[in-house]
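Following: one structure in structure tokens, then a few remarks.
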Amino acid sequence: DGGCEAAGAKSQKRNERGTKEREQVKEPFFNMKARVNLRAIRNRKPLERPLCAATTRRTSPVVPVPRVRAALRLGGAASADTAAGEHRLQLSSRGTRLGDRNTSRLQAAQSDLVAPQMSDIEEEVIIEKEEDGKVNSRIIFRIGGLVDVFEVEDLTEKVGWPRRLPQKVKTALENSFMVTTLLLQTMNPEDGSVEGEKLIGIIRVTSDTVFNATLWDVTVDPEYQGEGLGKTLMEMTIRKLLRLDIRTISLFAEPQVIDFYRKLGFWRDPQGIRAMFWYPRW
């Protein structure tokens with residue numbers, strides 16, 4: 001085309017004006033491409049794809065895995081079309097191979113619930129409230145189990161955090177090593193069964209499962225703050241990590257809560273170690 005011819009003409013003139021010095025230097029890659037094209041044009045040989053022409057790479061439409069997963073987990077499978085259906089089949093077959101634990105996570109993936117990596121449930125009663133000698137409500141500490149994405153976002157919004165995309169929150173929870181929660185349960189006084197429960201506290205833990213763990217999203221419902229529940233949630237989470245022989249535990253704290261964490265045994269900048277962050281500049 002015209003662009004190729006112009007590039008070839010310029011290259012030819014440049015070569016004609018070349019000096020002995022230039023003859024010893026390898027020509028730029030662009031010029032070499034242009035000269036090859038010019039030779040093809042002179043010989044009137046059609047090129048399937050001109051080397052100096054801009055080309056557009058086309059690929060078959062692919063639904064990115066994270067988006068497919070988000071669509072499945074948040075009830076939007078229809079929006080992912082055929083690719084989402086195929087991906088669901090891949091997930092199901094993989095879950096069958098990996099056992100019951102992953103199968104339960106795949107089932108949870110079709111709702112708003114998330115199963116973190118450590119999904120085996122451990123519970124301990126923190127407070128019980130009685131009426132007429134019968135327990136009608138209680139607060140429990142739980143490790144594992146299913147976590148509702150929108151309950152987490154409602155809770156963090158109560159403490160003034162900005163609302164986050166549910167798909168991202170769900171992915172973060174699922175890929176967390178452990179999630180510990182405080183739950184307010186309403187009880188049936190007659191038979192002691194649980195009639196309902198409400199999320200009032202949460203800690204999300206990421207870890208290499210051996211050396212280090214980091215605590216994220218440490219939150220307690222403002223209605224239940226000031227009762228020692230935040231301290232209990234932190235201490236029981238740390239105790240679990242220590243039982244797993246994870247000895248280095250870190251977190252990121254805002255200035256107004258540094259004293260709270262210091263009382264729990266956290267050090268600020270231990271041995272001069274400082275946290276460093278990289279943020280996009282565009």
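Observations on the structure shown:
- Hey, GLY196 closer than 19 Å to GLY160 by Cβ and at pLDDT below 95 or not: no
- Which numbered condition GLY145 fails, given (1) open to solvent by less than 30 Å² (accessible area, probe 1.4 Å); (2) on the phi < 0 side of the Ramachandran plot: (2)
- Subset of the stretch 164-202 (residues that are closer than 26 Å to GLY228 by Cα and basic (Lys, Arg)): LYS198
- Within the stretch 199-210, being open to solvent by 20 Å² or more (accessible area, probe 1.4 Å) and touching a strand residue (DSSP E or B) at 6+ places or on another chain (Cβ under 6 Å) holds for ARG204, THR206, SER207.
- Some residue of the stretch 263-275 being under 26 Å from the mean Cα position of the chain (by Cα), exposed (fewer than 12 other Cβ atoms within 10 Å of the Cβ), touching a residue at least 12 places away in the same chain (Cβ under 8 Å) and outside any strand (DSSP E or B): yes
- For ASP217, the conditions (1) without any contact (Cβ under 8 Å) to a residue 40 or more places away in the chain; (2) of a type in the set (Asp, Glu); (3) outside any loop (DSSP other than H, G, I, E, B) all hold with the exception of (1).
- Count of the stretch 245-262 residues which are open to solvent by 40 Å² or more (accessible area, probe 1.4 Å) and assigned to a loop (DSSP other than H, G, I, E, B): 5
- Test: residue in the stretch 184-195 that is within 27 Å of the chain's Cα centre (by Cα) and open to solvent by less than 80 Å² (accessible area, probe 1.4 Å): no
- Residue count, the stretch 220-239 (criterion: out of contact with any helix residue (DSSP H, G or I) (no Cβ under 8 Å at 6 or more places or on another chain), buried (at least 18 other Cβ atoms within 10 Å of the Cβ) and in a loop (DSSP other than H, G, I, E, B)): 0
The values are calculated or read from the model by the stated rules, or taken from the named source; none is laboratory data. Not measured: the values here are computed from a predicted model. Quick reminder, even Gly has a Cβ in these numbers, built from the backbone with ideal geometry, and neighbours come from all protein chains shown. Surface accessibility is based on the protein's heavy atoms, side chains included, excluding ligands, DNA and RNA. Shrake-Rupley method; radii C 1.70, N 1.55, O 1.52, S 1.80 Å.
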